[in-house]
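Step one of this worksheet: look at the structure below.
The values are calculated or read from the model by the stated rules, or taken from the named source; none is laboratory data. In this text, all values refer to a predicted model and were calculated from it rather than measured experimentally. Cβ placement follows ideal geometry from the backbone for every residue including glycine, while neighbour counts extend to all protein chains displayed.
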Amino acid sequence: MSLTNQRHLFSIPEDVTYLNIASLSPSFKSIEEAGIQAILDKSNPHVIPISDFFDPVIELKQLFAKLIEANSYHRIATIPSVSYGMATVANNITLKPSDEVLIVDEQFPSNYYIWKKLTDRFGAKLRIVEKPTSKVDSGKEWNKLILEAINDNTALVAMGNVHWSNGTLFDLKAIREKTNQHNSLLVIDGSQSVGALPFSVQEINPDALICAGYKWLFGPYGCAYAYFGSYFDNGDPIEENWANRLDSENFAGLTEYQSEYKPLASRYTVGESGSFIYVKMQVAALKQIIEWSPARIQEYCKSVTTSLVQKLQALGCYVENDEDRTHHMFGVELPEGFNIDLLKTKLKERNVYVSYRGNYLRLSCHVYNTEEDFIPLIECIESTI
């Protein structure tokens, strides 16, 4: 069954058109309630049992594992940020001078700096696959260039499922197949896709998947998730915290120091992961996303933006082909000579919130948006032209 508009679950003011979830998601009401209750509990710490250090975290990992179709929650680590997850990956990789780390053009900084540092450390090469200059089937051409760039020297490919600024969709199945042929690792940044676009670990089999939690996963700022495949089963975490060691639930025996970690990816979970406030909010968020389902969210976003894209193209704007981009987030290149500063002023006056990337607008929507939400956006662009 298709999704209907879900704005009633949110507290977004009626006069606000929010098209910027790719930067920061709004909380729906059940997340607010979970957070408020957790804050009240913290005011009375005697009501918080020892099990709350562990059981809600397990539930959270189980929910994220279900969302990405991972076969074990032990492969999930709860972390504070994408940069933390990428640093964990890099901490367990050794390169040769002949090795290459492959990334795509204009990736988000968290998925660039760490690979620049890693390749510099070992004297290896950071190879960037640039975006095609032609607008004819640019998404298909970009995917082709990525596949051609993977070779025997490729130690690791690090990229998103989609491009964070324009929504270009990357063919991860084909890329995974090519990396397997050359024994290359595949590390995916799912921050702009997981939760709004179907993703299956069983289908793609990445070596690692790192996701910010405060965008399409509706968590509070300061939370993220990581999936680690078998390559990292016996790796070194970037910190040592008591909760990640075997039998840490036994508070009376904490000073009977344990050399063994908990199974699989648990060793990579950040210290104080049992945050009584964050975890309850994250659990509420993931339950709702799973109920909606990423496939139905994607379908809904396509239904409310199809007419918008046609109108934008009629005004001389460029939007990537439907089949080569996502529908929950995409870039809009404005006509040459367009007065972007004037548009910013007009959109602000109309309470329309988008992201700006040079001469591009990045539009990101969700189940709280309707086709009518885009009317003021079109009117502002049209009047500026």
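Residues that are free of Cβ contacts under 8 Å to residues at least 24 places away in the same chain and of a type in the set (A, V, I, L, M, F, W, C) were ranked within region 287-317; the one that is nearest to Met1 (Cα to Cα) is Val309.
Yes or no, residue by residue, for (1) farther than 24 Å from Asp233 by Cα; (2) assigned by TED's automatic domain parsing to the domain that holds Val319; (3) in contact with an Asp or Glu (Cβ under 8 Å, 6 or more places away or on another chain); (4) part of a loop (DSSP other than H, G, I, E, B):
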residue	(1), (2), (3), (4)
Leu95	no, no, no, yes
Leu118	no, no, no, no
Ile128	yes, no, yes, no
Thr133	yes, no, no, yes
Trp142	yes, no, no, no
Glu148	yes, no, no, no
Val157	no, no, no, no
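Candidates are the residues of region 37-72 that are of a type in the set (Ser, Thr, Tyr) and part of a helix (DSSP H, G or I); the one that is modelled with the highest pLDDT is Ser43.
Can you tell which of Lys173, Lys96 is touching a residue at least 12 places away in the same chain (Cβ under 8 Å), out of contact with any strand residue (DSSP E or B) (no Cβ under 6 Å at 6 or more places or on another chain) and farther than 30 Å from Cys365 by Cα? After ruling out the rest, the residue left standing is Lys96.
Scanning region 70-86 for residues that are under 16 Å from the mean Cα position of the chain (by Cα) and either surrounded by fewer than 20 Cβ atoms within 10 Å (Cβ to Cβ) or among the β-branched types (Val, Ile, Thr) (or both) gives Ile76, Thr78, Ile79, Pro80, Ser81, Val82, Ser83, Tyr84. Taking Leu67 as the residue in question, decide whether it is closer than 23 Å to Ser193 by Cβ, hydrophobic (A, V, I, L, M, F, W, C) and within 20 Å of the chain's Cα centre (by Cα). For Leu67, the condition - closer than 23 Å to Ser193 by Cβ, hydrophobic (A, V, I, L, M, F, W, C) and within 20 Å of the chain's Cα centre (by Cα) - is met.
Candidates are the residues of region 298-349 that are in a helix (DSSP H, G or I) and of a type in the set (Val, Ile, Thr); the one that is nearest to Gly139 (Cα to Cα) is Val309.
Checking each residue in region 184-205 for being among the polar types (S, T, N, Q) and in a loop (DSSP other than H, G, I, E, B) picks out Ser184, Ser191, Gln192, Ser193, Ser200, Asn205.
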